[in-house]
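Just below is one structure, and these are the notes that go with it.
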Amino acid sequence: MAACDAINDSETKKGPVPEGWLKRAIQRNGAGYMFLAPWLIGFFCLTLGPALISLYLSFTNFDLLTAPEFVGAQNYVRMATADPKFTAAIKVTLLYVALSVPLKLAFALAIAMVLNRGMRGLPVYRAIFYLPSLLGTSVAIAVLWRQLFASDGLVNAMLAMVGIEGPSWISNPNYSLYTLVVLSVWQFGSPMIIFLAGLRQIPTDMYEAASLDGASPTRQFLRITLPLLSPVIFFNFVIQTIEAFKAFTPAFVISGGSGGPINSTLFYTLYLYQEAFSYFRMGYASALAWVLVIIIAIFTAFSFLTTKYWVHYDD
Amino acid sequence: MNSTNIGRRRLLGAGLAMASLPFLGSAPALAQQAGNIRMIWWGGDERARRTNAAIDLFKQANPGVTVESEFMGWDDYWARLATQVAGGNAPDFIQMDYRYMFEYARRGAIRPLDEFLGKELAIADFGQVNLDSCSVDGKLYGGNVGVNAFSVVFDGKAWDEAGVNAPTLGLSWDGFAEQCAAFTSANKRSRVYATADGSCQEGLFEVWLRTQGKALYNPDGTLGYDAADAGRWFAYWTEMRKAKSCVPADTQALYKNSPETSPIVTGSAVTDFAHSNQFESFQKLVQAELSVVGAPVQEGGKPGQYLKPSQMFSVSSTSKDPALAARMINFLVRAPEGARLLGLDRGVPASPEIREAIMPDLSETSRKVVELISSLTPHIGALPPSPPKGAGEINAVQIRISQEVGFEAVSPEQGGASLVDEAAAILKRA
């Protein structure tokens, strides 16, 4: 209450600076910093500090048991020139991002448009469709996915009904990554909620005017919905791309931490984890982590550069 | 297991303990018995039940001693242990593996136990070979909890039903392939095969190499086989796969180095390969009665198998009361009351006296393991040299290449060549 009073006092008093101004300012800001303290401490001690240390470690050899040994840019050089597993991990991750993000966004938008028609029991449907994205990153769902796509799993049981003998999806290097893409698309809930909110913002009179002019639903979608929704699409695109680059749990659980079979699910983060915690090359793993940061930053920056061609902020 | 909870609670405990340190300093000297041991080990639920019972008994026998124990699976274990050691927060009592013992000992993370030998640690009757196997550069770094051997696990009834002789000790590799082929032609169940695909199994590959006078690693840490050897290994299993004697590649790819994921447990094979101390875990997971024998041999070849010190208990070099930790090791591996509770879960005890003492309590399944070790003992060779740094990574490479060969992405010869190339690169880097 005292802090509130102080704020009210300083805001109501105008004119010459009153005595004790400094004291009051400290009092006022002090309360603010107090409230910020948990975040500030967390940010400096648990985020910024470790990040800077990992930047330093990325220029060392460090196996946790002995002191880090400075090796210059050797880790980065090795990554660029002599690490086939790094190349494999990059390929797998890029393919995963390229497939899962557009599919997930398209799926989320489609469901959002259906839900936007104002059907009865909308909150229930919304909750049901949102549920997978709450569960999807959990270990339990990854385990379920294993069961679903195993050689004697539900998917193959359904295929068997139409006379197809399906392969063991998750343990066949030709299909294993696609089961992970499907798992990702299935978690369309959070972009869907955001799309739904975006669709609600589009004035209905635009559609009315368009249909009076004889525009078909497809044309309305292309000329009204997509342009007006583009800021939301852009937002979802950036968020989902970053998420996809950082995907870890499903591959870790489904491949048992190996990224197999034959490195087909060796996500970048999984490779980073293996280097750090299976082979104790903390220096190299730190370098991998920083390269991932740079890759994500470049992708995000590039996405922002393209906005002027397709994102409409005018209203 | 919810290890983060334990971690948080322990952290809090550690904080409280730190806070109370100044007060302890001024207190009068405590009784000799008092002390605290932090213990870390890997394993599953069955092992947890046994270990916790033994810890409770140790605490009863030593009033005033507290033991904080933490356990997790193999994969998480090494990351967690290394992190704790790096953070200057190493547990006193550490379950150690033969492969990692050398790294931890040479970096000074675990301490020599020679000064306790014959006193707190009365394990002289383990025999010199066993003590040597737990030593690095002539110093003892752990009390061995048990020995194991690589073995073949099979469902005898399924082999009987097919009218084919089940694997026996002394069966040759060619004989094994023939018997599996005979099983396949007699077998009526779909998606059931005679054996798992052993090409990914490092332990089996090692036995195979040793029967031919080769090894996984030489004493100087270089590779003990060449591309042609590895190529022939992959070719053997490619023939098995073609003859439908072993499971197809996509079934074997589900195996994640644990009994739960073994083809014999998931019902796609009637034979698999495992370390003998895992036999009880296999038996718990399948209805059929399992048997265990030694791995196939080479006719006129050298002894392939050896008794491996499956695990040891070590003491951290930063432990404040190493004598107490040594006493606890002794209680678990050499005192009959403690060793009986641990049973054979970590291997067959090295002490003949302890073996005698626990024999009456053993289940039918455990007896089979003791019999296996006894029957193998006349045929074993020397313990192989310590695996070099990077050996764990090479194991992962072997698994990946066995899949590449299995899915026919490369030929067995190419697989053998790339295994040797990649292994050499890893050894050079490590």
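Bear in mind that the values in this text are calculations on the coordinates, not laboratory data. Keep in mind the model is a prediction, meaning the values are calculated, not measured. Positions of Cβ are backbone-derived with ideal geometry, glycine not excepted, and every protein chain shown enters the neighbour counts.
The table below lists the values:
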| read-out | value |
| --- | --- |
| Considering only chain B, percent of DSSP beta bridges that pair antiparallel, nearest 5 | 65 |
| Fewest-first ranking of A:ILE53, B:ILE380, using other Cβ atoms within 10 Å as the exposure measure | A:ILE53, B:ILE380 |
| Shielding score for A:249-257, defined as the mean number of other chain Cβ atoms within 10 Å | 2 |
| Over 26 Å between alpha carbons, listed pairs B:LYS284/B:LYS308; B:LYS119/B:LYS139; A:LYS85/B:LYS214; B:LYS256/B:LYS389; B:LYS139/B:LYS389; B:LYS157/B:LYS368 | A:LYS85/B:LYS214 |
| In degrees, nearest ten, helix B:391-406 long axis to first principal axis of chain B (Cα) | 30 |
| Among B:PRO336, B:THR365, B:SER276 the positive-end extreme of the charge dipole of the range B:245-396 (Cβ point charges) | B:PRO336 |
| Prolate/oblate/rounded label for the protein assembly as shown (Cα gyration tensor, a/c 1.5) | oblate |
| Net charge of neighbours whose Cβ lies under 15 Å from the Cβ of A:PHE252, counting Lys and Arg as +1 and Asp and Glu as -1 | 0 |
| Sites matching trypsin sites (Lys or Arg not before Pro) across the range B:99-142 that sit in DSSP coil, with at most 11 neighbouring C-beta atoms within 10 Å | B:LYS119 |
| Degrees between helix B:74-86 axis and first principal axis of chain B (Cα, 0 to 90, nearest 10) | 40 |
| Formal net charge of residues neighbouring B:SER317 (Cβ-Cβ distance under 15 Å; K, R +1; D, E -1) | 0 |
| Expected 222 nm ellipticity per residue - DSSP helices of 4 or more, -39500 (n - 2.57), all of chain A, to 500 | -21500 deg cm²/dmol |
| Inter-probe distance in nm under a simple model that places probes 7 Å from Cα toward Cβ, at A:GLN74 and A:ALA110 | 5.2 |
| Exercise: per-residue mean of other protein chain Cβ atoms within 10 Å, B:69-79 | 2 |
| Relative contact order [Cα under 8 Å, 6+ residues apart], the range A:75-310, whole percent | 29 |
| In degrees, nearest ten, helix B:227-242 long axis to first principal axis of chain B (Cα) | 70 |
| Under DSSP loop assignment and at most 11 Cβ neighbours within 10 Å, longest trypsin sites (Lys or Arg not before Pro)-free interval of chain A | A:121-315 |
| For B:TYR104, B:TYR98, A:TYR56, order by how many other beta-carbon atoms lie within 10 Å, fewest first | A:TYR56, B:TYR98, B:TYR104 |
| Residues B:GLU68, B:GLU260, sorted so that the one with the fewest Cβ neighbours within 10 Å comes first | B:GLU260, B:GLU68 |
| Debye, to nearest 20: dipole size of the range A:75-310, +1 on Lys, Arg Cβ, -1 on Asp, Glu Cβ | 240 |
| Estimated [θ] at 222 nm from DSSP helical runs (n ≥ 4, -39500 (n - 2.57)) normalised by residues in chain B, nearest 500 | -14500 deg cm²/dmol |
| Kyte-Doolittle mean at least 1.0 and Cα axial length at least 24 Å: DSSP H helices in chain A | A:84-115, A:226-245, A:282-310 |
| Cleavage-rule hits (trypsin sites (Lys or Arg not before Pro)) in the range B:149-209: DSSP loop, at most 10 neighbouring Cβ within 10 angstrom | B:LYS188 |
| Nitroxide proxy distance, nm - points 7 Å out along Cα→Cβ at A:VAL155 and A:TYR130 | 2.8 |
